[in-house]
1. Go ahead and run the numbers for FRET between HIS167 and ARG237, Cβ-Cβ distance against an R0 of 30 Å, rounding to 0.05.
2. How far is helix 152-172 tilted off the main Cα axis of the chain, in degrees rounded to 10, range 0 to 90?
3. Grab the other residues whose beta carbon is less than 14 angstrom from that of GLU71, score K and R as +1, D and E as -1, and report the net.
4. Name the trypsin sites (Lys or Arg not before Pro) in region 33-94 that are in a loop by DSSP and that have at most 16 other C-beta atoms within 10 Å, would you?
5. Picking from LEU87, MET1, PHE26, whose Cα lies most toward the positive end of the charge dipole for region 1-126 (charges on Cβ: Lys, Arg +1; Asp, Glu -1)?
6. Mind checking which of SER157, GLY134, ILE112 is farthest towards the positive end of region 80-169's charge dipole, using Cβ charges of +1 (Lys, Arg) and -1 (Asp, Glu) about the Cα centre?
7. Report Rg(Cα)/(2.2 N^0.38 Å) for the chain, keeping two decimals.
8. If you split all Cα-Cα distances of region 69-141 into 5 Å bins from zero, what percentages do you get per bin, shortest first?
Amino acid sequence: MDRLKDKVAVITGGNSGVGAATAKLFAAEGATVVITARREAALQDVAREIEEKGGKVLAVATDISKPEDPEKLMQLVMDKFGKIDVLVNNAGILEEGLKPIDRFTDEDLDRIVETNQKGTMRCMRAASSRMQSGASIVNVASVAGVMGCGGAAYVSSKAAIVGITRHTALRFQAQNIRCNAVCPGTIVTPMVAGMNPANMDADMFGAMAKHSDLRAQPCMPQDVANIILFLASDESRAITGQALVTDFGSTL
């Protein structure tokens, strides 16, 4: 307990899945959590649950795909709390199906990159300029960004997150601001559950099946939240610039 006592943590995509699990865990560990997402009603549901258990939370509707929203969000946090100790970049979207490099659409690419890559980078730009020594940034990437297992547009966006994680760690190493990434395998979340198997690209799915154990158990949101907590806390103060694959060994 109290691993994040008196820290202020901003969590994007905090309305469900990994983001909601992380927000609840952070609040239980003493943090003041600022949760953001586009769907305000779902955010408020998570906020109420945290408050009912005695946690401190602020819900702010934010669309990180809009260039101005991350800056507004971080300034609001500074105005209200005076600091940003932790940023968890969890917000992200998928494409429909598993379209490979020879079949991806420009529409999918633009939409996914705008949120997954640009949105994450905008949040990092806005938060890092306001962070002090000891702060931590944790990016939720994907095993897809490390192993290539997924649709081309999604893979490219998550590989970019792995790269920008290392860049950011290098940039702020001297200031003692850390940046790491968690790269989960399949996670049981509403977003993943909403995928239609009938729309999966058969060739891409077949290639993935040859290079990974699809029988391995999936991650639950709490599994990922536990790792994010470790990377956000001072327990991992010697770790920066790392991308941790968390997939129960399915891609070994």
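1. On the way: r = 20 Å, r/R0 = 0.67.
The computed FRET efficiency comes out at 0.90.
2. The angle comes out near 40 degrees.
3. Details: positive: LYS66, LYS72, LYS118, ARG122, ARG125, ARG130; negative: ASP63, GLU68, ASP69, ASP79.
Charge balance near GLU71 sits at +2.
4. On the way: sites: ARG38, ARG39, ARG48, LYS53, LYS56, LYS72, LYS80, LYS83; in loops: ARG38, ARG39, LYS53, LYS83.
Passing both the DSSP loop test and the Cβ count: ARG39, LYS53, LYS83.
5. MET1
6. It is GLY134, whose Cα lies furthest towards the positive end.
7. On the way: Rg = 17.3 Å, N = 252, 2.2 N^0.38 = 18.0 Å.
The value comes to 0.96.
8. Values per bin, smallest distances first: 3, 15, 22, 20, 13, 10, 8, 6, 3, 0.
The values are calculated or read from the model by the stated rules, or taken from the named source; none is laboratory data. Nothing here was measured: the structure is a model prediction, and the numbers come from that model. Cβ coordinates were reconstructed from backbone atoms using ideal geometry, including for glycine residues, and neighbour counts include every protein chain displayed. To get the accessible areas, we keep the full protein, side chains included, count just its heavy atoms, and leave off ligands, DNA and RNA. Shrake-Rupley method; radii C 1.70, N 1.55, O 1.52, S 1.80 Å.
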